[in-house]
Amino acid sequence: MKTQQPIPALDFEALAAKLAAFDFTLEIPESNRYLLIFQEQYYQIDQVSYLVLNSIKKSTDLGTSLELAFPTIDLSTHDLRVISDHLTEQVLPLLENQTPPKKKSVKELFTLVHPTAILPIAKMLAFLFNPRIFYPLLVLSVALNSAFWFLVKSKTIHFKGQGHLETEVYLGYLLAIFGFLLLHEFGHATASMVMGKAPGKIGVGIYFVFPAFFTDLTAIWSLQRQQRIVINLGGIYLQLLINLLMMGILFLFQNSPPTVSFMLRIIGFNILISLYNINPFFKFDGYWIYSDFFKLPNLRQQSNELLRSLFFALPKFLFKSRLKTNFKGLSSPPLFTYTISYFVFMVFVWYLLLQFIVRTHLSFWHSLQEIGPFEWNDFHAWKQLAGPIIVLLFCWMIVYLRFAPTFKFRKYAN
């Protein structure tokens with residue numbers, strides 16, 4: 001009979017000393033959620049890792065660490081080996097920065113507002129996030145915006161004088177859009193400050209293929225999920241509140257056609273942006289709210305794993321009379337619902353994107369055919385092709401921005 005060689009105690013003690021040398025902190029923001037914080041990065045770890053690391057933080061002595069972490073369990077040599085391997089494979093790479101970088105949902109382009117400039121404005125808006133004010137106003141703003149949108153679209157309410165905006169008014173409209181998008185980010189930042197976490201910078205980046213504003217809210221991972229939900233609702237909340245003010249101005253000046261046209265566009269923009277942000281299939285506010293509300297950390301990762309399991313099980317289900325497969329995700333209706341809905345949504349998005357790419361190339365080809373024999377030095381020919389060429393370049397820029405980071409990430413990971 002072959003016996004297993006005992007693991008030297010020094011191995012575990014050396015590992016404990018190595019881990020203790022790193023300047024990390026540990027937090028339990030809520031039950032069954034354990035965080036490792038290192039170099040301003042937040043990692044969710046399992047309970048065993050938390051208990052051992054917490055003990056190591058207090059003492060590098062092996063016996064003391066194990067006694068503090070597992071007071072009621074008599075660990076065998078095999079248990080020490082399992083724990084040692086787990087810490088070496090799962091935790092140590094995080095501290096040594098050996099893990100592949102996480103693919104950020106937003107590709108950062110530049111900083112718009114620095115944290116020091118955010119706090120003065122956030123302090124002025126902080127009263128809106130008092131629980132006695134926040135929840136009633138949130139419900140009221142959602143109800144009134146929904147009712148207004150329905151009444152306008154159904155033409156139950158009709159405003160006279162709707163028309164095109166003059167050039168100078170249209171420029172004001174674009175500036176107002178920029179201001180409201182910035183206000184949305186200040187909503188997140190203010191809510192974060194009220195919850196006790198200083199917000200980071202506000203910047204501009206690219207999400208999927210779309211330009212997007214973002215606020216660095218890394219620090220909120222150590223808050224409870226109810227607090228994070230309020231923070232993620234903060235941007236939509238401020239936009240819908242502004243809409244109530246816009247509605248008041250609209251009714252006061254409903255006999256002024258320029259004012260009516262301007263305000264209706266602003267109100268419509270704020271509502272559409274709110275719907276866009278609440279969409280849980282993009283990693284915007286709705287995604288994080290859904291994840292926290294249903295207690296589904298790493299929602300996209302869990303969803304992809306479930307979808308992969310369902311895909312590989314489909315042949316067995318179709319060609320075998322009995323399917324004996326236990327899917328972890330099927331025990332969670334919110335996860336299953338999200339997975340199927342996300343798949344259908346992304347099929348539709350990719351259909352639209354591919355349709356846009358095909359039509360762009362066809363449009364360019366048709367324009368080239370209409371010109372006939374193309375002369376490179378013919379200014380009028382280039383002028384006729386200017387529009388299709390710009391759209392074509394924009395199309396390929398979208399493709400590059402979407403796929404280039406993915407290939408770079410996979411190259412690094414391999």
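Nothing in this text is a laboratory measurement; each read-out follows from the coordinates by a stated rule. Just so it is clear, the structure is predicted and the values come from calculations on it, not from any experiment. Heads up, the Cβs are rebuilt from the backbone with ideal geometry, glycines too, and the neighbour counts pull from every protein chain shown.
Where in the range 332-347 is the amide nitrogen less than 13 Å from a point lying 7 Å along the Cα-to-Cβ axis of residue 308? Output list for this probe position: empty.
Of the chymotrypsin sites (Phe, Trp or Tyr not before Pro) found in the range 226-285, those in coil by DSSP whose Cβ has at most 15 other Cβ atoms within 10 Å are 253. Normalising the Debye intensity of the range 134-208 to I(0), with uniform scatterers on Cα atoms only, and taking log10 at q = 0.15, 0.26, 0.27 Å⁻¹ returns -0.89, -1.13, -1.14. Relative contact order, whole percent, for the range 106-293 stands at 29, derived from Cα pairs under 8 Å and 6 or more residues apart.
Within the range 166-274, the GluC sites (Glu not before Pro) that combine a DSSP coil assignment with at most 16 other C-beta atoms in a 10 angstrom radius are 166. Extending 7 Å from the Cα toward the beta-carbon at both residue 107 and residue 144 defines two label points whose distance is 4.1 nm.
Built from the Cα atoms of the range 155-257, the convex hull projects on average onto 9.3 nm², one quarter of its surface area. Between residue 96 and residue 135, the C-beta separation translates, for a Förster distance of 45 Å, into a calculated FRET efficiency of about 0.50.
Potential lengthening of the chain between residue 155 and residue 293 amounts to 46.1 nm, from the contour at 0.36 nm per residue minus the alpha-carbon distance.
On the basis of the beta-carbon distance and an R0 of 60 Å, residue 166 and residue 44 show a calculated FRET efficiency of 0.70.
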